[in-house]
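The values are calculated or read from the model by the stated rules, or taken from the named source; none is laboratory data. These figures come from a predicted structure and were not determined experimentally. Cβ placement follows ideal geometry from the backbone for every residue including glycine, while neighbour counts extend to all protein chains displayed. Side chains included, ligands, DNA and RNA excluded: accessible areas come from the protein's heavy atoms. Shrake-Rupley method; radii C 1.70, N 1.55, O 1.52, S 1.80 Å.
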Amino acid sequence: MSYQLYPKPFQFYYYPPYIHQLGLPLINPYNLNNYPQQMSSFYYQPIIGNSSDNCIVIEDDNIQHPLNPNQQSIIQTQTNREQTTQQEQLMILEQPFKKQIQESDKLNENEPHIRISVFKQHSSQIDAEYILQYDRILGNEYKKEITIGRKKQQDDKSENCDIYLPHGDKNVEKLHCKLSTEKGFSYSNLLTKSVLLFFSLFRSRKPIIKLPFSIRKHIYSFIKEKPQFYLTDNATKVGTFMKIKKDNLKLMQLHNTYLIGADTYFHVMEIKSKPSQMKQKRNKDLNQFYNALAKEHLKKGAKIHGLTLQESEQFNILLNEFRTNNQRQRTSQKLNQYDRPYLKFSFNSASVNQIQSHIFIANYDQESVFKIGRSQECDVIVNINTVSRRQAQIIYKNNEWFIHDGEGIRESANGTWQSLQNYSTRNQDKKVQSKPSLIEDQMEVKISENIIKFDFVNFGVTKKRKLNQALIQDLLQ
């Protein structure tokens, strides 16, 4: 370390007597006769150095010296020399960076990456494949958002999309959806508290130092932040849909839209899952709850599912009274005013010539299963050829409503898909982008006739069960 003492505008570098102990290179003395001798008496014999040296600057703002032409020429020469040095250093730094960009166009199979496959639905032939590595599509420029859409025509002057969709040109828009990389691979390499603690153990714990490198690698891949990528629909007419797997329960929320078969849609209109915290202000009268159900059935044509035999008898008696007495109770009370879990959804398809609205009734802390499909055994029967016999199941479990595709080990033929768009904002005049949805491994996204599949490669250990197995294998070797 060195100390720099200088009166404006001159710079002098002073090195203490013990500077040789720090191992810093000293610079040859400069003749002070070239500078004016108008200096305070407290300055020691200085040694002139370069401003790029590692030193502490001590500046006295009270010293002001007039400049003569010789001094101005000296300062100007020094300034030009420093600017030239900075430009040369910048060029040296840019050369390896450009070389690194060119080398990164090649896939590094040892590093984590995502294989993005594009193909037509019900086709085994892959039309296009893209590699997402280092937060960009290989061969393209760095972007915070990777665009997906229709391939532009020759006369089109709009920007190119990073991922082209070859099928369904009429339904696919120029900029259909976006894939955000803001919390991708670069974000996962940030130093977090858990990572810093992990590295600090190698200094304080001798047994940890003796661990094999493979075990350290497994532990690090488990505690580090996982890269996350999000998909957003650009307020399109056709929409963007994520596939619901048969072995993965998907949480249902208000205004969600689902696609079954080829073009059969249904929307979640009302939902109540968890018990109310203010039970004293809720109406618990069961007859009033039946009145609200009767209103939905008589005025809106909704079919009621999930009532017990005793509840069904009481409900049918109430319906008969309304019909015989020609009474249509005009009450403002709604289903959500009662402390009972339920789910109301409606079909929105011209091909569904049947009951449009359905209401599933459940009980807290009890599991209920409702089936949708063409089979007569299903609770909701959809007589459309593109819908499977056992298309999907809606389950009330752990005080939440879930949906999954198929039944048992069998999945549906055309799949069950969830839209990224919110049904409440879809029909508005102002276009509103959908909320970002997390991309998962083996996820499939449907846009018109195109299927986009995401395969995560070399993303490390993601589950504690896999981590333990990997540790055991390494320890036994």
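Odds and ends about this structure:
- Scanning segment 209-241 for residues that are open to solvent by less than 40 Å² (accessible area, probe 1.4 Å) and assigned to a helix (DSSP H, G or I) turns up Ile215, Ser221.
- Of the criteria (1) under 21 Å from the mean Cα position of the chain (by Cα); (2) part of a loop (DSSP other than H, G, I, E, B), which one Asn160 fails: (1)
- Test: residue in segment 225-244 that is touching a residue at least 24 places away in the same chain (Cβ under 8 Å), closer than 30 Å to Gln356 by Cα, of a type in the set (Ser, Thr, Tyr) and touching a strand residue (DSSP E or B) at 6+ places or on another chain (Cβ under 7 Å): yes
- If you go through segment 391-409 and keep only what is outside any strand (DSSP E or B) and of a type outside the set (A, V, I, L, M), you end up with Gln391, Asn398, Asn399, Gly406, Gly408.
- Residue check, Gly184 under 24 Å from Val457 (Cβ atoms) and either within 24 Å of the chain's Cα centre (by Cα) or surrounded by 13 or more Cβ atoms within 10 Å (Cβ to Cβ) (or both): yes
- The sole residue among Lys193, Lys170 that is under 23 Å from Asp263 (Cα atoms), open to solvent by 70 Å² or more (accessible area, probe 1.4 Å), at pLDDT below 90 and of a type in the set (D, E, K, R) is Lys170.
- As for segment 157-168, it holds no residue that is in contact with a Lys or Arg (Cβ under 8 Å, 6 or more places away or on another chain) and more than 30 Å from Glu444 (Cα to Cα).
- Of all the residues in segment 398-442, those that are more than 17 Å from Asn256 (Cβ to Cβ), among the aliphatic types (A, V, I, L, M) and either open to solvent by less than 80 Å² (accessible area, probe 1.4 Å) or in contact with a helix residue (DSSP H, G or I) (Cβ under 9 Å, 6 or more places away or on another chain) (or both) number 2.
- Screening Ile146 on (1) part of a loop (DSSP other than H, G, I, E, B); (2) in contact with a strand residue (DSSP E or B) (Cβ under 8 Å, 6 or more places away or on another chain) shows it passes everything except condition (1).
- The residues on offer are Tyr364, Tyr342, and the sole one that is surrounded by fewer than 16 Cβ atoms within 10 Å (Cβ to Cβ), closer than 29 Å to Lys245 by Cα and at pLDDT 80 or above is Tyr364.
- Residues in segment 242-254 that are open to solvent by 50 Å² or more (accessible area, probe 1.4 Å) and over 18 Å from the mean Cα position of the chain (by Cα): Lys245, Lys246, Asp247, Asn248, Leu249, Gln253, Leu254.
- Here the condition is being of a type in the set (Gly, Ala, Ser) and either part of a strand (DSSP E or B) or closer than 24 Å to Val445 by Cβ (or both); of Ser388, Ser375, it holds for Ser388 alone.
- Being touching a His at 6+ places or on another chain (Cβ under 8 Å) and at positive phi holds for only one residue in Ser448, Ser424, and it is Ser448.
- Members of segment 124-139 that are open to solvent by 20 Å² or more (accessible area, probe 1.4 Å) and either within 11 Å of Ile163 (Cβ to Cβ) or part of a strand (DSSP E or B) (or both): Ile126, Asp127, Ala128, Glu129, Tyr130, Ile131
- Within segment 242-252, tally of residues that are modelled with pLDDT of 95 or more and part of a loop (DSSP other than H, G, I, E, B): 1
- Criterion violated by Thr425 - all others in (1) in a strand (DSSP E or B); (2) under 30 Å from Thr181 (Cα atoms); (3) of a type outside the set (Gly, Ala, Ser) satisfied: (1)
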